[in-house]
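The values are calculated or read from the model by the stated rules, or taken from the named source; none is laboratory data. None of the values given here were measured: they were computed from a predicted structure. All Cβ positions, glycine included, derive from the backbone under ideal geometry; neighbour counts span all protein chains shown.
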Amino acid sequence: MHITIDADSLRSEIRDKSVRVIDVRKEEEYKKSHIPSSVNLPLANLLSDDSPEKVLKLIQSLGIDDETHVIVYDDTFGALASRVAWTLQYLGHEDVSLLDMTYGQWTSLGLESDQKIPSYESKTHSINLHPEIMATADYLEKEKEKENVILLDNRERLNFLEQHIPGAINIPYRTLGAPDRILKPKTEIKRLLENRGIKSNGEIITYCGSVGTLSGLAYYALKSVNLPNVKLYVRSFKEWKDLKKPIQKQEHATYWDLSAE
């Protein structure tokens, strides 16, 4: 599985008709213009019921079977696309990638866009869940005390300082992207992780504010540098608070705590 795919490779696959492109923006934005041949799956539609059975019906209706190469894009720095891609991966779809740029960046390069809404025959897809990439609140509470488990909070720095899950390290989602790409080059991501003392041989659990979008982007940033054991706490900090789990506040912020990187 390639974590990201560039524009030239995507255009080639579209010409060969060997790919299903998913646009996760709102329906009204999609209808105005989109990457040619792409289908629309707004993130809100997915999140309204992201049970495996419901997601399976959705992707089958888009003409996706087990062998289809799926590429997902958004116009929100890759976070929404990441959440959809992760859901497909959790379901058991092996061949899913993120477009390495947003739709706005795609159009700013003068690349093709379209208003045609394609239709595809429904396909059959299996379910082969990958629980090893998902963390629940109970799992997190049990595992986070272990020495080789790192909890990664991907919210804005000030949100983290105000309250976070005890023991978490903060890497704000904005530090993961580049000006023209949804993710920094691998060398820069590795350096960022090293600076924060994150070793590659541990288990890393990412979380954000509510539905796992910002932390979904972090999940793929970590996978892009081949970290083997990464999980997404999908329900994130909102659920943790709702469950009245322990919360920590940063009492004495240092310059590092307040800086962007």
Residues of the stretch 144-173 that turn out to be more than 17 Å from Glu239 (Cα to Cα), surrounded by 14 or more Cβ atoms within 10 Å (Cβ to Cβ) and not β-branched (Val, Ile, Thr), as a count: 6
Matching residues, the stretch 183-209, being under 19 Å from Arg157 (Cα atoms), assigned to a loop (DSSP other than H, G, I, E, B) and either modelled with pLDDT under 95 or hydrophobic (A, V, I, L, M, F, W, C) (or both): Leu183, Arg196, Gly197, Ile198, Cys208
Scan of the stretch 46-70 for residues that are modelled with pLDDT of 95 or more, buried (at least 17 other Cβ atoms within 10 Å of the Cβ) and part of a loop (DSSP other than H, G, I, E, B), ordered by number: Leu62, Ile64, Thr68
Residue within the stretch 199-208 that is under 13 Å from the mean Cα position of the chain (by Cα), assigned by TED's automatic domain parsing to the domain that holds Arg155 and not β-branched (Val, Ile, Thr) present: yes
Lys223 basic (Lys, Arg) and either over 12 Å from the mean Cα position of the chain (by Cα) or assigned by TED's automatic domain parsing to the domain that holds Ala79 (or both): no
Of residues in the stretch 71-101 being in contact with a strand residue (DSSP E or B) (Cβ under 7 Å, 6 or more places away or on another chain), part of a loop (DSSP other than H, G, I, E, B) and of a type outside the set (A, V, I, L, M, F, W, C), the one nearest to Lys231 (Cα to Cα): His93
The stretch 171-217, residues that are hydrophobic (A, V, I, L, M, F, W, C), touching a residue at least 40 places away in the same chain (Cβ under 8 Å) and in contact with a Lys or Arg (Cβ under 8 Å, 6 or more places away or on another chain): Ile171, Leu176, Leu192, Ile204, Ile205, Cys208, Val211, Leu214
Filtered residues of the stretch 1-44 (kept if of a type outside the set (A, V, I, L, M, F, W, C), without any contact (Cβ under 8 Å) to a residue 24 or more places away in the chain and closer than 14 Å to Ser82 by Cα): Pro42
Some residue of the stretch 92-109 being loosely packed, with under 15 Cβ neighbours inside 10 Å, over 23 Å from the mean Cα position of the chain (by Cα) and closer than 19 Å to Val72 by Cβ: yes
